[in-house]
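Student: Below is a structure I'd like to ask you about.
The values are calculated or read from the model by the stated rules, or taken from the named source; none is laboratory data. Bear in mind that the values here come from a model prediction, so they are computed numbers and not experimental data. With ideal geometry, Cβ positions are generated from the backbone for all residues, glycine too; neighbour counts draw on all protein chains shown. The protein model used for the area step is the full one, side chains on, heavy atoms only, and it has no ligands, DNA or RNA in it. Shrake-Rupley method; radii C 1.70, N 1.55, O 1.52, S 1.80 Å.
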Amino acid sequence: MNAPAQIQALISEAPAGATRLREIPYNYTSFSDREIVIRLLGEDAWRLLDDLRSARQTGRSARMLYEVLGDIWVVRRNPYLQEDMLDNPKRRQDLIDALHHRLQEVDKRRKIIEAAEGKDDETVAQAKQRNANVEALLQAATKAVEDFSAEFRASWDLRKRATKVLGRYTEKHNIKFDGMSRVTHVTDATDWRVEYPFVVLTPDSEDEMAGLVKGCIELGLTIIPRGGGTGYTGGAIPLTPMSAVINTEKLNILGAVEMTRLPGVERDYATIHSGAGVVTRRVADAAEAAGFVFAVDPTSADASCVGGNVAMNAGGKKAVLWGTALDNLASWRMVDPNGDWLEVTRLEHNLGKIHDAPLARFKLEWSHPGERGKPATPFKSEVLEIPGRQFRKEGLGKDVTDKFLAGLPGVQKEGCDGDCTPHQCV
Ligand SMILES: Cc1cc2nc3c(=O)[nH]c(=O)nc-3n(C[C@H](O)[C@H](O)[C@H](O)COP(=O)(O)OP(=O)(O)OC[C@H]3O[C@@H](n4cnc5c(N)ncnc54)[C@H](O)[C@@H]3O)c2cc1C
């Protein structure tokens, strides 16, 4: 999605020599030139450039500077080019040398103009100021090129380390740095694009999840769980290049519909156990085949996943009758930010909308993950009691402004407090 062009700029007749909407080459991204300059050179640099431009004193030098920024930007925004640069140190060095060369040319021009200007009747003070501005811009640009160059080394080293650390918990082929994986996890249904993730993880089983969360924390990576990527709030979008997206698509174990005696409930009730990555429609189909209805029916059901439904507290047309995900959860397991398991079990489920229950009670039990294949060891438990009416504003199916949701872990948290696997009522 490109940043919208300013309407005034489009409708007004462009004066001869007017600034183009985008001057940085290859900038077909959702970032404006201003944002790119600020990102690469800093806020001061944009101000300096603006000053020079308003005095019509940039011309060829500015174009050369923009070319440098464009080259850096096109690589930063294209994981396939990054791959190529990482795999070809010689090509990378040629590019870095060319960027430095262009900046040297700008510097040469600055010196020539400075020498010429002394002979003009323009005030010396003005010329000095302009010269200082260009010098400051050159310094910022030189640093940007150096940072860009250093990034490849750092990225290479971190990839090696991440493969070692995360490889303790999952197969190597589930740790993905390739262009295709990173490109396909840069956005969700919003089509908002900010940063490519550093790595995409595709665990084979739920048991790997706790270790992966621990490993990502050790590596300093921001963790983003992801289901179908149909979210409309940008929750699955990396906002920092130091992000790990955990794709749950392989966590697709789906149990059968079972009549279960839920804790504190006096009769058996139909429930189904589902992995975080099960597509919502699969659960609805299973419920229907058993003669029941699965109440969580977002319009995105053919693509969204159950973990995403819980994290977003999704609902659909049936929410009017049976509520949203929150109302229909019997229990769910999640990995908390410490890399421990947290099991949340609804007690005395009212088998209806949660806000109709005078008090909603949840048992929370934390356990340290066991070594591969071994059971987890519980170390803490507590009961959370929340008045039912606290979950919703009067008359609302769900209150999207309330992310805290009375402190109930996992639900409506957009993946911010853990990775979820649910057990639902149908
Ligand atoms: C065409 C269309 C129609 C839609 N209709 C509806 C509708 O009727 N009702 C409705 O409520 N929404 C609707 N949505 C929004 C969206 O589909 C839902 O919010 C859905 O629940 C998101 O699920 P997902 O698996 O795609 O999640 P993603 O987009 O992958 O992720 C959404 C958020 O959940 C987090 N997350 C994902 N999986 C987990 C997990 N296992 N553990 C913890 N956090 C996790 C992510 O980090 C992110 O913050 C619609 C979207 C589209 C595109």
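Student: Looking for whichever is modelled with pLDDT of 70 or more and surrounded by 12 or more Cβ atoms within 10 Å (Cβ to Cβ) here; the options are Ala45, Ala3, Ala55. Which one fits?
Tutor: Ala45
Student: Sticking with this structure for a sec: Starting from residues that are open to solvent by less than 30 Å² (accessible area, probe 1.4 Å), part of a loop (DSSP other than H, G, I, E, B) and of a type in the set (A, V, I, L, M), keep the ones in region 256-277 and report whichever is farthest from the ligand (Cβ to nearest atom).
Tutor: That would be Val265.
Student: Restricting to region 218-229, what's the tally of residues that are under 16 Å from the mean Cα position of the chain (by Cα) and either on the phi < 0 side of the Ramachandran plot or modelled with pLDDT under 95 (or both)?
Tutor: From region 218-229, those under 16 Å from the mean Cα position of the chain (by Cα) are 220-229; that's our starting set.
Next, from what is left, pick out any that are either on the phi < 0 side of the Ramachandran plot or modelled with pLDDT under 95 (or both): 221-228.
Residues meeting the conditions: 8.
Student: Being within 16 Å of the chain's Cα centre (by Cα) and open to solvent by 10 Å² or more (accessible area, probe 1.4 Å) is the requirement here; does Arg182 meet it?
Tutor: When the stated conditions are applied, Arg182 passes them.
Residues are listed down the side, and each one gets a yes or a no for (1) open to solvent by 60 Å² or more (accessible area, probe 1.4 Å); (2) within 15 Å of the ligand (Cβ to nearest atom); (3) modelled with pLDDT of 95 or more; (4) out of contact with any strand residue (DSSP E or B) (no Cβ under 8 Å at 6 or more places or on another chain):
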| residue | (1), (2), (3), (4) |
| --- | --- |
| Arg159 | no, no, yes, no |
| Lys172 | yes, no, yes, yes |
| Val199 | no, no, yes, no |
| Ala210 | no, yes, no, no |
| Gly231 | no, yes, yes, yes |
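Student: Select, from Val68, Val37, Val74, the only residue that is in contact with a helix residue (DSSP H, G or I) (Cβ under 8 Å, 6 or more places away or on another chain), in contact (Cβ under 8 Å) with a residue 40 or more places away in the chain, under 17 Å from Leu137 (Cβ atoms) and part of a helix (DSSP H, G or I).
Tutor: Val68
Student: Here's a follow-up. Any idea which of Leu329, Leu364 is touching a strand residue (DSSP E or B) at 6+ places or on another chain (Cβ under 8 Å) and farther than 25 Å from Ala284 by Cβ? Please lay out each step first, then the result.
Tutor: Working: Leu329 fails: farther than 25 Å from Ala284 by Cβ.
On inspection, the qualifying residue turns out to be Leu364.
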